[in-house]
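This report concerns only the one structure given below.
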Amino acid sequence: MDATEKVHYRTCPLCEATCGLEIHTKGNEVTSIKGDKLDPFSEGYLCPKGYHLDKLYADPDRIKKPMIREGDQWREVSWQEAFTEVRKGLQSIIKQNGRDAVATYLGNPNVHNLAGMLYVPILLKTLGSKNRYSASTMDQIPKQLTAEWMFGSDFSIPIPDIDRTDYFLVIGANPLVSNGSLMTAPNMRKRMRDLRKRGGKIVVIDPVRTVTAKAADEHYAITPGTDAYLLVGIIQTLFEEELVDLGRAGKHVNGLSEVKEAVRGFSIEALSAKCGIEVKVIRRLAREIATSEHAAVYGRMGTCTQAFGTMNSWLIDVINILTGNLDQEGGVMFTSPAAGSKNAGGKRKKSARYGRFHSRVRNCPEVLGELPTSCLAEEIETGGEGQIKALVTVAGNPVLSAPNGERMEKSLGQLDFMVSVDCYLNETTRHANVLLPAPSALERSHYDLSFYQLSVRNIAHYSKQVFPLEEGQLDEWEVLLQLTAAVMNQDVGADPVSALDDYAIMQLIKKECGIESSPLADRDPNEIFAHLSVRKGPERMLDFLLRTGEYGDFFGEKADGISLSTLMENHPHGLDLGPLKPRLPQVLSTGSGKVELAPPLLVKDLERLKEKRDRVQKGLLLVSRRQLQSNNSWMHNIGELTKGANKCTLQIHPTDAARHQIVDKGIASVKSVAGHINVSVEVTSDVMEGVVTLPHGWGHHLEGIQLRNGERYAGVNSNRLSDENEIDPVSGNAIFNGIPVEVSIGS
Ligand SMILES: Nc1nc2c(c(=O)[nH]1)N[C@H]1C(S)=C(S)[C@@H](COP(=O)(O)OP(=O)(O)OC[C@H]3O[C@@H](n4cnc5c(=O)[nH]c(N)nc54)[C@H](O)[C@@H]3O)O[C@H]1N2
Ligand SMILES: Nc1nc2c(c(=O)[nH]1)N[C@H]1C(S)=C(S)[C@@H](COP(=O)(O)OP(=O)(O)OC[C@H]3O[C@@H](n4cnc5c(=O)[nH]c(N)nc54)[C@H](O)[C@@H]3O)O[C@H]1N2
Ligand code: SF4
Ligand SMILES: [Mo]
């Protein structure tokens, strides 16, 4: 290695897998990126996106200066001018229309970003608007809601103990492409291979024979949107065949008889007819889960973003509990993260965070402090008291990611003021009045606060920034604190960042010192503050969270405890804190201190399954698919990832293609209640008959965006077809799977 070359070890922040990277740099150039073989979790594994992380850093289209839009012209401005404009824009609306008139939309990369995780909550709290929207209500909110109801905290999500299970039932997830979700587990291919080598079995339920399905022992094609029928069938079989055995968790569970009663009224034949999976298969799956020594049932996007999203998320955990697999090695377990453990439990909650207020236009219940993104456009468009007039977006692209993209896009055009924090001028941020640049991943430090809460092993890995910020660039946490100051109507000239940062950390310290059972209970907050003073920003907060976490040193109170320095100095490749450990009952924070197996609203929701609805569609059912070289909407500007065959295609079964006179590589017209698109066709028998698939995040053809490669491979926005008016009524989650469409020859 050349003496001017430096080596950096860090985790990839792009998806939930948290792979370790070994990055070589010379000056401000990356000379190579490979998987870090010494990373105890990913052991050298990387997907194609990780290899191209440097391209995001070097992308000439990336926004590096704050910009103000005048008409359709953008002007680069100083930070001072940008924040002054933001303050003016937000204050005039807050004064005239109140705080709820300013909405926020938080996109997915926030949870992959230390600044987003630590500083966005400060912004939201200071703003105090009820109009909070995020990618969560188009993703995992059903699972968070069932965790809140059943276990007392939305982050107490049971994670498949994939490395120790011997039966893995995967429903509506494609971890070999997505690299796992609500299951942080780098190199899923190896983990699945190992599972089978141990003599274990993998079964996949998916309308599509995905790469995950192909790598499994069995695959069953299910009619989109009907998983709840299958899951009720499994539960009924467990009761009927006396296979229910809660094991060690039993004494901590309330509501067993209610569940038994609730599933009694269904006929197994009717359930089977609805989901298209034979009765004997349903019965066999139930027996296999119950009789395997260690089994884990796992569901993801296919189960969440459909009409029965919350019900599916609940029933999956019910099966894990009824078969004694909750909190058991090789079953589904709770993590013990090193920092910021939202699943810490202990304190019992009086009530779940649900339905404390409702959306103005459609009267949708609040879920965990937010409202469904499917409601955002109508809240902007509909006049009257409480109308949204301004929007703050941080790391989000709802024009491409939210249902009915066309309506979403039009609504953004109606706002009085919009400010976006983002790396690109894209389909959403082109509507902003002020665009505030966020640095690229390599210019910031990293620690996966969210995903170590959802990880199949307990891991702590801190990554230093690879490159310093460019001259004049602000770090994202500073941008977020400046935005907070604008909301507070503070003068930019007063440099509010340090004061707000000090205030924020002090609040955390005081809270911890105020907990009677904390090792810090008798300590003076000012003394703790002084201990932390070598750092500021996210590092200081992270240090505090690590030191007061499960393995922390509590500032000298615990001899072998860890701190940020421990990770930085002794564990550059990451610290493996071991496999998941049993956590019942300590993890529970429900009012009763028990697992609530039968949340009343979900038991009631089972009625919806009995509704006599004609599910036989005239047309086809559209489902979403992910692609290894994409990451939602925002990595299509990287040529290395878009090259090769067109990726934005409608996949259709040969029989359906013939029936609709559609040919491979031809163009299909696809219509739904919400909209219409023309798209290239890919005929494949991997999708079941009656189903078509489209990837999301494409459609980079709108005027005024700055994504030169993306525009070349524009594709079409599949969310022109998803209907914002159809949601999972319990959680308000968007529906991206099982959308009725009509397909014909396109042009
Ligand atoms: N049809 C359909 N639609 C879907 C889905 C589907 O399966 N099918 N999936 C849904 C899911 S699961 C999700 S999570 C959502 C995603 O929805 P969004 O989060 O709204 O969309 P993304 O494409 O992730 O957009 C991320 C934005 O963040 C910016 N960005 C990237 N890194 C950073 C950073 O470090 N800081 C800042 N400030 N900005 C950054 C990017 O430029 C981009 O504008 O889409 C949902 N939409
Ligand atoms: N490469 C890549 N990786 C990603 C992302 C990406 O865009 N690209 N996005 C990231 C994000 S934000 C997320 S949330 C995760 C998502 O991670 P996953 O949920 O694992 O990914 P999906 O590909 O959405 O998998 C959903 C599966 O459900 C199936 N499905 C659709 N409808 C139904 C149904 O009604 N029932 C059943 N049983 N199955 C159904 C689909 O065919 C698909 O195979 O991936 C993350 N990782
Ligand atoms: S799997 Fe995810 S974390 Fe790993 S390299 Fe790919 S994008 Fe990065
Ligand atoms: Mo997501």
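Quick one: with all protein chains in place, what share of the accessible area of the chain is carbon or sulfur, to the nearest percent (1.4 Å probe)?
Details: 13480 of 27610 Å².
Carbon-and-sulfur percentage of accessible area, whole number: 49.
Can you list the HN-Hα couplings for region 699-709, worked out from phi with the Karplus curve (6.51, -1.76, 1.60; θ = phi - 60°), rounded to whole Hz and with x for Gly and Pro?
x, 8, 10, 6, 4, x, 9, 10, 9, 4, 6
Given a 1.4 angstrom probe, what's the average accessible area per residue across region 1-46, in square angstrom? Kindly include the intermediate steps, with their values, before the conclusion.
Details: 2090 Å² over 46 residues.
So region 1-46 comes to 45 Å² accessible per residue, rounded to a whole number.
Per DSSP H run of at least 4 residues, take -39500 (n - 2.57); add these up for the chain, divide by its residues and hand me the 222 nm value, nearest 500 deg cm²/dmol.
Details: 26 runs with 234 residues, N = 747.
That comes out to -9000 deg cm²/dmol.
Would you pull out the residues with amide H under 5 Å of Val681's amide H, same chain only if 5 or more places away, H placed 1.01 Å from N?
Leu650, Lys665, Gly666, Ala668
Taking amide H atoms as placed 1.01 Å from N in the peptide plane, list the residues 5 or more away in sequence, or in a different chain, whose amide H sits under 5 Å from that of Gly35.
Long-range HN contacts for Gly35: Glu22.
Give the residue from His653, Gln629, Val670 lying farthest towards the positive end of the charge dipole for region 617-745; charges sit on Cβ (+1 for Lys and Arg, -1 for Asp and Glu) and the dipole is referred to the Cα centre.
Gln629
Which whole-number percent gives the relative contact order of the chain, counting Cα pairs below 8 Å spaced six or more residues apart? Let's see the in-between values first.
Details: 1697 pairs, mean separation 145.4, N = 747.
Rounded, it is 19 percent for the chain.
Using only the Cα atoms, work out Rg/Rh for region 1-121, with Rh taken as the Kirkwood radius, to two decimals.
Numbers: Rg = 19.8 Å, Rh = 17.9 Å.
Rounded to two decimals, Rg/Rh equals 1.10.
Straight-line reach from Lys665: which aspartates and glutamates have a Cα under 14 Å away, not including same-chain ones fewer than 8 places off?
Excluding near neighbours in sequence, the set is Glu682.
Could you give the accessible area per residue of region 617-745, probe 1.4 Å, as a whole number in Å²? If you can, show how the numbers build up before the last one.
Values: 5160 Å² over 129 residues.
So region 617-745 comes to 40 Å² accessible per residue, rounded to a whole number.
Counting other Cβ atoms within 10 Å, which GluC sites (Glu not before Pro) in region 478-565 have at most 11 and lie in a DSSP loop? It would help to have the intermediate numbers written out before the result.
Numbers: sites: Glu478, Glu512, Glu516, Glu527, Glu539, Glu550, Glu557; in loops: Glu516, Glu550, Glu557.
Sites meeting the loop and neighbour criteria: Glu516.
So for the chain: antiparallel DSSP bridges make up what percent, rounded to the nearest 5? Walk me through the numbers before you get to the answer.
Values: 45 of 89 bridges.
For the chain, the DSSP antiparallel bridge percentage is about 50.
Express the C-alpha Rg of region 617-745 as a ratio against the empirical globular expectation 2.2 N^0.38 Å, rounded to two decimals.
Numbers: Rg = 14.7 Å, N = 129, 2.2 N^0.38 = 13.9 Å.
Relative to the rule-of-thumb radius for its length, region 617-745 sits at 1.06.
Could you give me the ³J(HN,Hα) list for region 367-376, computed from phi with Karplus coefficients 6.51, -1.76, 1.60 and θ = phi - 60°, whole Hz, x at Gly and Pro?
For region 367-376, the Karplus curve yields 10, 6, x, 10, 10, x, 4, 4, 8, 4 Hz.
For region 450-570, count all C-alpha to C-alpha pairs, find those more than 23 Å apart, and express that count as a whole percent of the total. Working shown, then result.
Values: 3000 of 7260 pairs.
In whole percent, the long-distance tail amounts to 41.
Radius of gyration and Dmax for region 236-296's Cα atoms, expressed in Å?
So, for region 236-296, Rg and Dmax equal 12.8, 36 Å respectively.
In whole angstrom, note down how far apart the Cα centers of region 464-506 and region 579-649 are.
Cα centroid to Cα centroid, the span is 35 Å.
With θ set to phi - 60°, apply the Karplus curve 6.51 cos²θ - 1.76 cosθ + 1.60 along region 557-563 and write out the HN-Hα couplings as whole Hz, x wherever there is a Gly or Pro.
6, 10, 4, 9, x, 9, 9
Which value, in debye to the nearest 20, describes the size of the charge dipole of the chain about its Cα centre when Lys and Arg Cβ atoms bear +1, Asp and Glu Cβ atoms bear -1, and nothing else is charged? Numbers along the way, then the final one.
Working: 85 positive and 94 negative charges, 235 e Å.
Approximately 1120 debye in magnitude.
So, for region 266-348, what is the accessible surface per residue at a probe of 1.4 Å, expressed in square angstrom?
Numbers: 2350 Å² over 83 residues.
I get 28 Å² per residue for region 266-348.
Amide H to amide H under 5 Å from Tyr354: which residues, 5+ apart in sequence or cross-chain, H placed 1.01 Å off N in plane?
Leu368
Take the Cα pairs of the chain, get the Kirkwood Rh, then feed it into Stokes-Einstein at 37 °C and 0.692 mPa s and tell me D in µm²/s. Walk me through the numbers before you get to the answer.
Values: Rh = 26.5 Å.
It diffuses with D of about 124 µm²/s by this estimate.
The values are calculated or read from the model by the stated rules, or taken from the named source; none is laboratory data. Everything quoted here is computed from the prediction, not taken from an experiment. Because the Cβ atoms are built from the backbone with ideal geometry, glycine has one as well, and the counts that use them run over all protein chains shown. With ligands, DNA and RNA removed, areas are computed over all heavy atoms of the protein, side chains included. Shrake-Rupley method; radii C 1.70, N 1.55, O 1.52, S 1.80 Å.
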